[in-house]
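Below is one structure, written out as structure tokens; the observations come after it.
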Amino acid sequence: MLSPIRLISEAAELAARRHNGMARKGRGNEPYINHLAEVANLLAAATDGADPELVAAGWLHDTIEDTDTTREELAQTFSERVASLVVECTDDMSLPKAERRRRQVVDAPKKSADARLIKIADKISNIGARIHPDPSAEERDDLIDYTAWAEQVVAGCRGGNQWLDTRFDDTVRTARASL
């Protein structure tokens, strides 16, 4: 088993390598790795650094969904828990977007407590990326739509970490104030 520092460092390195060249939605051509770093950092702050496997899963939460990374590879390289958390946070990309969104809302309350924390951190990061100082009509519509849907998902995830719940609420308030 890797030491806590190595676990997080190796997760960050794999996430960076596997998402190399990808850009995130919402902030122009910002590297996708910035989203993963933000999610991992939110989880580290929410747990005061006490759960390195959760932070590693935050770095890796999109690797199965977005790259050719497998569950088996994550279990072997990191741990069974990290792999399981990533799988819990992975959407079935063969489904239409509307169905993936519907499933996230329905499945959120059924997820493990730690997967729910990752989902909240992910939504905080994604809403924040959609906030622009002078949004176009398209950016405003996207922010309104994404935020409303994220609130539905997070409604099924709340209660596991007050700091993350409050941070989500603050991010939603900031988003709405920017419109």
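The values are calculated or read from the model by the stated rules, or taken from the named source; none is laboratory data. If you're wondering where the values come from, they're calculated on a predicted model, not measured in any experiment. Virtual Cβ from ideal backbone geometry, glycine too; neighbours counted across all protein chains shown.
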Item checked: Scan of the range 91-107 for residues that are buried (at least 16 other Cβ atoms within 10 Å of the Cβ) and not basic (Lys, Arg), ordered by number -> 91, 104, 105
Check: Could you give every pair whose Cβ atoms fall below 7 Å, whose first residue belongs to the range 72-86 and is within 14 Å of residue 112 (Cα to Cα) and free of Cβ contacts under 8 Å to residues at least 60 places away in the same chain, and whose second residue is among the small types (Gly, Ala, Ser) and buried (at least 18 other Cβ atoms within 10 Å of the Cβ), counting only separations of at least 6 or pairs across chains?
Finding: 85/57; 85/115; 86/57
Margin query: For the range 98-140, which positions are among the charged types (D, E, K, R), at pLDDT below 95 and not in a helix (DSSP H, G or I)?
Written below: 130, 134
Check: Could you list, in sequence order, the residues of the range 108-149 that are out of contact with any helix residue (DSSP H, G or I) (no Cβ under 8 Å at 6 or more places or on another chain), without any contact (Cβ under 8 Å) to a residue 40 or more places away in the chain and either among the aliphatic types (A, V, I, L, M) or under 14 Å from residue 169 (Cα atoms) (or both)?
Finding: 137, 144, 148
Notebook entry, point to check: In the range 31-53, is there at least one residue being aliphatic (A, V, I, L, M), more than 16 Å from residue 118 (Cβ to Cβ) and modelled with pLDDT under 95?
Noted result: no
Note to self: Just checking: which of the helices (runs of 4 or more DSSP H) contained wholly in the range 1-72 hold 3 or more residues that are in contact with a Phe, Trp or Tyr (Cβ under 9 Å, 6 or more places away or on another chain)?
What the structure shows: 4-18, 33-46, 52-60
Next item on the list: Please find, among 69, 47, the residue that is of a type in the set (Ser, Thr, Tyr), surrounded by 15 or more Cβ atoms within 10 Å (Cβ to Cβ), over 29 Å from residue 138 (Cα atoms) and within 16 Å of the chain's Cα centre (by Cα).
Entry: 47
Next item on the list: Output the residues belonging to the range 4-26 that are at pLDDT 95 or above, of a type outside the set (A, V, I, L, M, F, W, C) and surrounded by fewer than 16 Cβ atoms within 10 Å (Cβ to Cβ).
Entry: 4, 6, 9, 13, 17, 20
